[in-house]
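Only one structure is covered here, and it is reproduced in the block below.
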Amino acid sequence: MNDKAIELRVKNFLESFKTKDIYNYAITLSPVFKNPDRYIDYRKNLAQLLIAVPKLTEYDPKSLIFATAKAYEQGYSFDPKDAECYFIPYKNKNGVQEIQFQKGYRGIMKDLMKRPDVVDIVADVVYEDDDFEIGKDKAGRLVLIRHNINPFKRSKDKIIGAYAFVYYKINGELVSNGVVMSAEEIEQDYRSLSMADKYAKKKEDSFWEKWKADMYKKTVIKQLRKVLPPLPEDTINAYEQLNRKEEAPVSPERQKLIKEFNEAYTQSGLTANELKSIIYTKYFVNEPAELTDEQLKELAILLKEKGKALLEAVVLIGAREQKELDELFMEKQLSDEQKARIFEFLGIEADKIPSQEEYRILKDFLKQHDREQILEAIGWEEKKMTQTELTEALENA
């Protein structure tokens with residue numbers, strides 16, 4: 001695919017967010033979408049990501065916007081070369097592939113560097129021809145003595161291990177500690193548990209194959225938390241405040257809405273996990289506390305009206321179901337205008353992703369009727385060409 005084709009594909013994909021009503025979900029997802037300047041910057045970063053990895057346009061746009069907004073909000077670069085975060089397809093419980101973001105090794109390093117006692121972090125992979133030596137200080141902490149490399153003999157097939165060292169201060173003194181693992185240990189104890197590796201269609205498509213060095217470094221860097229000492233008491237509060245969102249006081253109006261919501265939830269018969277599933281699918285947040293007042297009010301009304309039936313009604317279909325519907329429309333040889341009329345006839349909004357309930361209605365309608373019955377039901381009359389018109393059309397073709 002050439003550069004112009006990729007740019008057009010990305011542009012169409014970004015525009016499709018509007019037609020699929022994604023922004024109604026996005027506006028509740030993150031402060032990113034409420035600040036014009038940050039939103040423009042986010043969209044620019046997203047476009048650059050999709051140009052770098054155009055395959056992401058093939059997945060569910062809602063899961064992609066959710067993953068990228070969370071990554072942007074936390075300050076991670078979208079550029080795969082920066083290794084701060086990656087966007088990986090996973091299969092959900094329904095077998096539909098969704099995009100999730102994972103921190104890269106530099107993203108984890110960025111998090112660790114927020115600690116007030118950490119000065120620096122060094123991580124690398126070791127190749128079989130490298131001159132590598134480590135030791136221990138008097139307190140038994142690991143020390144990196146040397147790592148000399150030959151850049152012309154570096155190949156991912158020759159990686160024999162990886163290390164990460166963190167340099168931090170204890171009572172003003174700079175010390176180090178680290179984690180060192182062999183390639184065999186990383187492969188057996190960590191790669192074997194990787195979901196990204198498991199869901200790769202081909203071995204060569206796996207992140208562990210494409211970016212083996214980065215994945216090895218990420219594995220050892222993640223273990224640095226275990227070798228770092230607990231933060232001194234006098235710095236804990238400042239560190240927690242740096243990483244904790246401020247909680248706003250609950251207004252009397254909000255308290256009333258919460259009470260009404262809890263009553264509706266109790267009457268609905270839903271479990272806590274089922275309720276969370278509805279909240280996440282409908283509003284793209286994880287907890288009732290993250291809902292706006294309007295959303296809380298809307299959901300309370302829906303819970304009273306539909307109860308447990310709401311679970312099926314709000315769960316949206318995935319890529320597999322959408323593909324199946326597209327194939328059914330093609331099979332019946334229905335145009336876009338006819339498709340829109342069918343949605344209208346069945347009382348389903350045509351410019352949004354259907355719910356599971358709407359999907360079943362559409363599927364049953366298309367499967368149970370032939371093309372002529374469908375067109376008759378929606379009041380569609382196709383103009384048939386006379387022999388003269390057909391002859392003229394063929395002559396002008």
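Quick notes on this structure:
- Checked against a 25 Å cut-off, the cross-linked pairs Lys62/Lys363; Lys138/Lys158; Lys297/Lys323 give Cα-Cα distances beyond that limit for Lys138/Lys158; Lys297/Lys323.
- Close amide H contacts of Asp60 (hydrogens built in the peptide plane, cut-off under 5 Å, sequence separation of 5 or more or a different chain): Ile99.
- Ile160 accessible area, 1.4 Å probe, all protein chains in place, Å² to nearest 10: 90
- Residues with amide H under 5 Å from that of Val119, placed H, sequence gap 5 or more: Tyr167, Tyr168, Lys169
- Sequence-ordered 3J(HN,Hα) estimates for segment 153-165 from the Karplus curve with 6.51, -1.76 and 1.60 and θ = phi - 60° stand at 10, 9, 9, 4, 6, 10, 6, 10, x, 8, 9, 9, 10 Hz, glycine and proline given as x.
- Inter-probe distance in nm under a simple model that places probes 7 Å from Cα toward Cβ, at Arg43 and Glu128: 5.2
- Prolate/oblate/rounded label for segment 84-160 (Cα gyration tensor, a/c 1.5): oblate
- Hypothetical label at Ile51: residues of segment 66-81 whose amide nitrogen lies under 20 Å (7 Å Cα-Cβ projection): 68-69, 72, 76-81
- A simple rule links phi to the HN-Hα coupling: the Karplus curve 6.51 cos²θ - 1.76 cosθ + 1.60 with θ = phi - 60°, which for segment 129-134 gives 9, 6, 9, 10, 8, 10 Hz, with x for Gly and Pro.
- Extension gain (nm, one decimal) between Lys81 and Glu344, 0.36 nm per residue minus Cα-Cα: 90.1 nm
- Label sites at Glu372 and Ala213, each approximated as a point 7 angstrom past Cα along Cα to Cβ, lie 6.8 nm apart.
- Too-long pairs where the Cα-Cα distance tops 24 Å, listed order kept, from Lys81/Lys217; Lys156/Lys218; Lys114/Lys210; Lys169/Lys226: Lys114/Lys210
- The mean accessible area for residues of segment 104-174, using a 1.4 Å probe and ignoring ligands and nucleic acids, is 58 Å² per residue.
- Where labels lie 7 Å past Cα in the beta-carbon direction, separation of Thr266 and His147 in nm: 5.8
The values are calculated or read from the model by the stated rules, or taken from the named source; none is laboratory data. Quick caveat: nothing in here was measured; it's all calculated off a predicted structure. Neighbour counts run over all protein chains shown; Cβ positions are idealised from the backbone, glycine included. Ligands, DNA and RNA are stripped out before the accessible areas are found, and what is left, the full protein with its side chains, is counted by its heavy atoms. Shrake-Rupley method; radii C 1.70, N 1.55, O 1.52, S 1.80 Å.
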